[in-house]
Ligand SMILES: [Zn+2]
Ligand SMILES: [Zn+2]
């Protein structure tokens, strides 16, 4: 183990090296495109990028030439030289660089610093490595479009991404991981497995679930509802729009306006499309006076919400504009809060485990600078969350000051098969809404008392959770989730009748299957089913028909010939009911 402090200085050194690599890339681009205009070139996790305005679009074939030029610059071991100049002088030096001029204008000081290596000068605060030779191992990996300053009204620049490490070995290992992640990219698998689509003509970030993706979703949703009902939740449904006044009362209009879509007018009243489900749950709670004896009340909803996100940050299913939260709100007495949080943790980890995510990290976020409620309320609620985590023996880290303004929260991030963390369950205590909407109960003393409110999701959103599942399993869903669980492959037409009989029997057992009755060889059909990541392929020929058996081929390549059909039927049934993890 590297001690935390040393790790920090190591990380800092890497960052400086990566940032220096960005300057070297800019010099290489300048030597190939002398008329290039430069945006910015910061380090990022694993590497760096630089944004360029170039006379023609780049394509991946341009990267080797740029990288070769970078190798030359690195081999020359040119020193990075810092220079301090007045703003006026900087303006003259960057007279042909409109983006740099814009940045210079925004610097509050009179002096600005420049860094030069070889023939390239950049506006930069630094620091940098001593010389270009200190850049040990890099690779240019991709090209993307990026609006200047992330603003879609400004010019679209071309961004080149690179990765850089201190050793060739570390770089190779990283590239291998990247290749593995690319194979699992849910956007590619989503298309290949026919799970979903997003249409530019309909709008970015709006997801259409195709039949095969929709099956996975309803299996998850059925399981989710069943499990919530077992645990004392009530399922509700609420509308997609509501009057603007409601969002003003809640404070969303004031604090979250940037994420809300503009109001629409209906009969002279303004309505907004809902960015969250909470307010409707409060309205249902408030339809009658609630006695303390009725609590806790737990309302659960698979509620679809819409939030504005810049088109530049949208990403497949994992960052979208319309999504369905697996939402719930718990209204309880303060003396019930700890047990309620324990209950949510229990459910969240049961879900995480059932879907096959073995590792997770837990963060407890505490009071930020601006907050609703009192410091004492925050202290007690934060301690309640901590006690609940302790009761479940869950190790966690404190994220100081990272709570939302209305209350402390627990975030659980689960790790997928290649070690990437996904935002999963969240549990948030709210001091704001109950007060704004006077959410109360009648206590033992016959008086009104404030009620604790908890917002929670256990999967996050159906869209992002689906993205994580696709990437975790590389598209090969466990049997209970697989869109098609069995492909029946008759060897010849005369085996079709028996295949149809098995089809009917399996369907009766709730198995999702297809009969491949197309022409083509058995091997071709097996390959096809394997590409579709179907868990079981059943090959049916003369022997199988005669003996009422099937020859089973697993997705993994394992095979078992002449298995009595009843035994196969029983085993697939069990795998589905038990939600087996493969
Ligand atoms: Zn720099
Ligand atoms: Zn909520």
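The numbers here are math on the coordinates, done by the rules we state, and not lab data. A quick note: this is a predicted structure, and the numbers were derived from the prediction, not measured. Virtual Cβ from ideal backbone geometry, glycine too; neighbours counted across all protein chains shown.
Size descriptors for the stretch 342-422 (Cα atoms only): Rg and Dmax, in that order, 13.7, 42 Å. Ranked from largest, the principal axis spans of the Cα set of the chain equal 84, 77, 58 Å. Taken as Cα centroids, the stretch 493-567 and the stretch 374-392 sit 55 Å apart, rounded to the nearest whole angstrom.
Counting only Cα atoms, the size of the stretch 14-82 along its three principal axes is 31, 26, 23 Å, in decreasing order. PRE reach from residue 524 (point 7 Å along Cα→Cβ): which of the stretch 469-513 fall under 18 Å by backbone N? It comes to 488-496, nothing else.
Please list 76-88, 163-175, 312-324, 13-25 highest first by mean number of surrounding beta-carbon atoms within 10 Å per residue. Numbers along the way, then the final one.
Details: 76-88: 14.1, 163-175: 15.9, 312-324: 18.3, 13-25: 22.8.
Ranking, from highest mean packing down: 13-25, 312-324, 163-175, 76-88.
With both residues required to sit in the stretch 470-582, DSSP beta bridges show an antiparallel share near 50%.
For the stretch 389-457, the calculated P(r) over all alpha carbon pairs, in 10 Å bins from 0 to the bin holding the longest distance, is 16, 36, 28, 15, 4, 1 percent.
Could you give the length gained by full extension between residue 436 and residue 543, i.e. 0.36 nm per residue of separation minus their alpha carbon distance, to one decimal place? Could the numbers behind the result be given before it?
On the way: separation 107, 0.36 × 107 = 38.52 nm, distance 7.26 nm.
Going from the current span to full extension adds 31.3 nm.
The calculated FRET efficiency for residue 398 paired with residue 493, based on their beta-carbon distance and R0 = 56 Å, is about 0.25.
Peptide packing for 28-35, 229-236 was compared via the average number of neighbouring C-beta atoms within 10 Å per residue; ordered from the highest value, the list is 28-35, 229-236.
As a calculated quantity, the FRET efficiency between residue 253 and residue 82 at R0 = 60 Å, using C-beta atoms, amounts to about 0.80.
Sort all Cα-Cα distances of the stretch 497-545 into consecutive 5 angstrom bins from zero, then give the percent of pairs in each bin up to the one containing the longest distance. Percent of pairs per bin, in order: 5, 18, 29, 27, 18, 4. For the pair residue 182 and residue 152, a Förster radius of 22 Å applied to the C-beta separation gives a FRET efficiency near 0.25, rounded to the nearest 0.05. Among beta bridges identified by DSSP and lying wholly in the chain, the antiparallel ones come to about 85 percent.
Here, the stretch 223-269 has an Rg and a Dmax of 15.8, 44 Å when only alpha carbons are counted.
In this simple spin-label approximation, residue 210 and residue 267 carry label points 7 Å from Cα along the Cα→Cβ vector, and these lie 4.2 nm apart. The value obtained for the stretch 159-222, namely the Cα convex hull volume divided by the number of residues, is 139 Å³ per residue. Rounded, prolate or oblate for the stretch 12-134? Axes are the square roots of the Cα gyration tensor eigenvalues, ordered a ≥ b ≥ c, and the cut-off for rounded is a/c under 1.5. It comes out oblate by the Cα gyration axes.
Just the C-alpha atoms of the stretch 241-305: what Rg/Rh do they give, with Rh taken as the Kirkwood radius? List each step's numbers first, then the result.
Values: Rg = 13.8 Å, Rh = 13.3 Å.
On the Cα set of the stretch 241-305, Rg over Rh gives 1.04.
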